[in-house]
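Engineer: One structure, as structure tokens, below. Some questions next.
Any read-out appearing in this document is the output of simple, stated calculations on the displayed coordinates, not a laboratory observation. This one's a predicted model, so the numbers in the text were calculated from it and none came from an experiment. Ideal geometry is used to build each Cβ from the backbone, glycine not excepted, and the neighbour counts take in all protein chains shown.
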Amino acid sequence: MKKIAILGSTGSIGTQTLSVVREQKDIQVVALTAGSNIGLLEAQMREFRPALVCVAEEKAAEELKVRTADLQVKVVSGMEGLTEAAVWPESEILVTAVVGMIGLRPTIAAIEAGKTIALANKETLVTAGHIIMPLAEKKNVPVLPVDSEHSAIFQSLQGAAGNPVHRILLTASGGPFRGWKKEDLGNVQVEDALKHPNWAMGKKITVDSSTMVNKGLEVMEARWLFGVDPSQIQVVVHPQSVIHSAVEFEDGAVIAQLGTPDMRLPIQYALYYPQRRRLSGKRLNLCVPGSLTFEEPDMETFPGLALAYRALEQGGSMPTVYNAANERAVALFLDRKIRYPEITELIEACMDQAGVIPEPGVEEILAAEREVYEYIQRKAFR
């Protein structure tokens, strides 16, 4: 019986992780955390009976305690509670499914505690890959990717037999605005950006996919997960989302992972690695798509991807600036306080004014995030 803790159990990845748990029946959920959706969290508590749950705010935690007084469960709150869940003694695997840099401290604590990391929180590696991966190696802790693209790369590497990677081919659907030009994006509304053609995801990541910032974050994540130079990561637009990513070796051979767009597959692979289990759902029929097409990304229309490569090149704290600027800009867009093109405009403005700390520690990373938030507050509402 595997024992897991899930950070972000009420979000898209968290609920799909619990779907895998529900189907496989030999995983015990010992800790859950959520932001503010205590209604869904209560339902999860009653179904999966964790020993510990955490919510963001203390007031919500007190309400949850009252609502679940009949359960034998410890209810905590805040960053302290999130970290307690991450290192809960009974758990073997931590699924980091929270969105944003809030996942940084708990992930570090879990690695220190020797937990296997099933990583869906890309911001952890984007901002602190230079801390996370050496620490995981030192502690002999596996970091198993849950993102579909990085799981595809990881799966494709299983046959590498120690041979060096020549290039990673990171696929992208192109999002809902593939083929549009820059001048077409001025009137994009929130509802338009939330219509992803292939995947069902949370609001923030869906907007990120539409701007291709998500692909930029994935480039940064791949750089750390697989120890390659940014120049070895090529983004390829593949609208059908059948090939989830691929690896090219020195002899020109390309190994890819294919499948239907179902996040449960990479989640389950991370939970059971290296074992493969049967998974219910639609299976890939190569005759149905008709054709698989590929094209280069349009970095002029979608500058968020180009800015990601620039942030990687500058290194140090600049990926944190990129990530933090995007987090705040997307939140403003979802609140209808800025226009769609201003998302990447704000990212670029933040990068232009920020200095670079070469090897930032955790406190410096979090300070850089705060500085970006303050800058955007001044700029967006002056």
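Engineer: For the chain, with only Lys/Arg (+1) and Asp/Glu (-1) charged at the beta-carbon, what is the dipole magnitude about the Cα centre, in debye rounded to 20?
Structural biologist: Using only the charged Cβ atoms, the result is roughly 1160 debye.
Engineer: Please list, in order along the stretch 342-347, the HN-Hα scalar couplings obtained from phi with the Karplus expression 6.51 cos²θ - 1.76 cosθ + 1.60 (θ = phi - 60°), rounded to whole Hz, x for Gly and Pro.
Structural biologist: 6, 4, 6, 5, 5, 4
Engineer: Is the shape of the stretch 289-382 rounded, prolate or oblate, going by the alpha carbon gyration tensor and its root eigenvalues a ≥ b ≥ c, with a/c under 1.5 for rounded and a/b larger than b/c for prolate?
Structural biologist: On the way: a/c = 2.34, a/b = 1.36, b/c = 1.72.
Oblate is the answer for the stretch 289-382, as a/c is 1.5 or above yet b/c matches or exceeds a/b.
Engineer: In addition: Around VAL236, which amide H atoms from residues at least 5 apart in sequence, or from another chain, sit under 5 Å from its own amide H, with H modelled in the peptide plane?
Structural biologist: Here the answer is LEU170, THR171, ALA172, since their amide H atoms fall under 5 Å of that of VAL236.
Engineer: Give, in nm to one decimal, the length gained when the segment between ALA43 and MET79 is fully stretched (0.36 nm per residue of separation minus the Cα-Cα distance).
Structural biologist: Details: separation 36, 0.36 × 36 = 12.96 nm, distance 2.26 nm.
This chain segment gains 10.7 nm when fully extended.
Engineer: Which whole-Hz couplings ³J(HN,Hα) result when phi for each residue of the stretch 305-317 is put into the Karplus expression 6.51 cos²θ - 1.76 cosθ + 1.60, θ = phi - 60°, listed in order with x for Gly and Pro?
Structural biologist: For the stretch 305-317, the Karplus-derived couplings read 6, 4, 5, 5, 4, 5, 4, 5, 5, 6, x, x, 8 Hz, x marking Gly and Pro.
Engineer: Tabulate in residue order the Karplus-calculated ³J(HN,Hα) for the stretch 40-51, using 6.51 cos²θ - 1.76 cosθ + 1.60 with θ = phi - 60°, rounded to whole Hz; enter x for Gly and Pro.
Structural biologist: These are the phi-based 3J(HN,Hα) values: 5, 4, 4, 4, 5, 4, 6, 7, 9, 6, x, 7 Hz.
Engineer: Counting pairs of alpha carbon atoms under 8 Å apart in space and at least six apart in sequence, what relative contact order in percent does the stretch 102-258 give?
Structural biologist: Details: 225 pairs, mean separation 48.7, N = 157.
It rounds to 31 percent for the stretch 102-258.
Engineer: Under the classification rounded if a/c is under 1.5, otherwise prolate if a/b is larger than b/c and oblate if not, where does the chain fall, given a ≥ b ≥ c as square roots of the Cα gyration tensor eigenvalues? Mind showing how you got there, number by number?
Structural biologist: Working: a/c = 1.42, a/b = 1.15, b/c = 1.23.
Rounded, because the longest to shortest axis ratio a/c is under 1.5.
Engineer: Can I ask one more? Amide H to amide H under 5 Å from GLU92: which residues, 5+ apart in sequence or cross-chain, H placed 1.01 Å off N in plane?
Structural biologist: Those qualifying (amide H under 5 Å, at least 5 residues apart or on another chain) are LYS3, ILE4, ALA5.
Engineer: GNM on the chain, C-alpha springs below 10 Å: top fluctuator among ASP251, ASP262, ASP298?
Structural biologist: Of the options given, ASP251 has the highest mean-square fluctuation.
Engineer: Using a/c under 1.5 as the rounded threshold, could you call the stretch 259-329 rounded, prolate or oblate? The axes a ≥ b ≥ c are square roots of the C-alpha gyration tensor eigenvalues, and prolate needs a/b larger than b/c, oblate otherwise.
Structural biologist: Values: a/c = 3.11, a/b = 1.61, b/c = 1.93.
Oblate is the answer for the stretch 259-329, as a/c is 1.5 or above yet b/c matches or exceeds a/b.
Engineer: Give me Rg/Rg_expected for the stretch 81-174, where Rg uses Cα atoms only and Rg_expected = 2.2 N^0.38 Å with N residues. Kindly include the intermediate steps, with their values, before the conclusion.
Structural biologist: Numbers: Rg = 14.1 Å, N = 94, 2.2 N^0.38 = 12.4 Å.
The reported ratio for this selection is 1.14.
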